[in-house]
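Asker: Below you'll find the structure I mean.
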Amino acid sequence: MAESEKQYPNLLWPFAEVFSQEESSLPPDTENEILPFQYVLCAATSPAVKLHDETLTYLNQGQSYEIRMLDNRKLGELPEINGKLVKSIFRVVFHDRRLQYTEHQQLEGWRWNRPGDRILDIDIPMSVGIIDPRANPTQLNTVEFLWDPAKRTSVFIQVHCISTEFTMRKHGGEKGVPFRVQIDTFKENENGEYTEHLHSASCQIKVFKCSPWPEITYVNNSPSPGFNSSHSSFSLGEGNGSPNHQPEPPPPVTDNLLPTTTPQEAQQWLHRNRFSTFTRLFTNFSGADLLKLTRDDVIQICGPADGIRLFNALKGRMVRPRLTIYVCQESLQLREQQQPPQQKQEDGDSNGTFFVYHAIYLEELTAVELTEKIAQLFNISPHQISQIYKQGPTGIHVLISDEVSFSVLLSYLLYPSL
């Protein structure tokens, strides 16, 4: 294990340093010096690697992984870059020398099989401290950006190729070829060009597909039978009424693409919905052209991860809530009567009072979220609700907390404490 690797926990492994022939011939006392920069891939290394072998990190295809750019310079080292930017170029290259000789042909074949997709991308919204990120359309495996060594910098990368795409025989069960993430850092010369080499490093990775997810995932998205058989009562004021239908989920605030959208407007829509990578590919596509694309078409053009996301955005698909509950305002006088539930009618109580039920859609399934949704529904401040209780079958009141399962918790009456 290299000395630099001992400085970090298991989840923050630094890249193995890559030395040129000139750097390898440095005197022993110079060879062990701390290099000016260090890059840390925030992903767990494989425990199956032998003790003295180079570390190997397994990545999921299309998932964003953080690489921290660290400035390890000593005081007075490289003063010419103080207060200035440096450029780092990221590449995904082959680890095996056999594939390095045919890299151009391998990448061209991959481009032919995956039109419109890239091997390496930067997740710009998640990255911190990077300036002027660029991805050359002709270099699918390369991205670059500027950064200030004096400031915190983290770049999130996505690798879209998988290791088994470059195996010679594809009969299933292949181990897949290893890749290298290579980083070259340059400083600015007298002409303002970033051509003076400062530092290079790389690490070994393998990339595989994630387990396929269902197109739509539901987690208890309807009220439980026990909850349907009782009223969810809140002593938050007076009001009555009687709906005989279940409300639909609220319409999402989305920017839907219309068939009448012009190609220029379609380009703006792609930017607004985080599909900037594909704007060049869809330059002449109108709204009608994009909406005619099938799910398979979009996945073939954009790849599986972004393809599914783009298809859902084109079709305006709404994300269903994880849990829906129905609440109503209960009269304070009725609350004080403490009328047993079995004496109440289906839509009200024995006195003919009817209740208005409102749907609350929960995503995080936390007590804080429920409190905020209740406060928003009844136009009060969340601070006015100090606690929320559930009423058990014997009439006891149990305090709601995140530790209590919501599927059980919401089977009984809920009472907020104002």
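Asker: Measure up 50/209; 84/151; 209/315 against 18 Å on the Cα-Cα distance and list the ones that go over.
Answerer: Listed pairs above 18 Å: 50/209; 209/315.
Asker: Filter the trypsin sites (Lys or Arg not before Pro) in the stretch 101-152 down to the DSSP loop ones having no more than 14 other Cβ atoms within 10 Å, then list what survives.
Answerer: Details: sites: 111, 118, 134, 151, 152; in loops: 118, 151, 152.
The qualifying sites are 151, 152.
Quick note: the coordinates plus some simple rules give every number you see, no bench work behind them. Quick caveat, the model's predicted, so the values are computed rather than measured. Methodologically, a virtual Cβ is constructed for each residue, glycine included, from the backbone with ideal geometry; neighbour enumeration extends over all protein chains shown.
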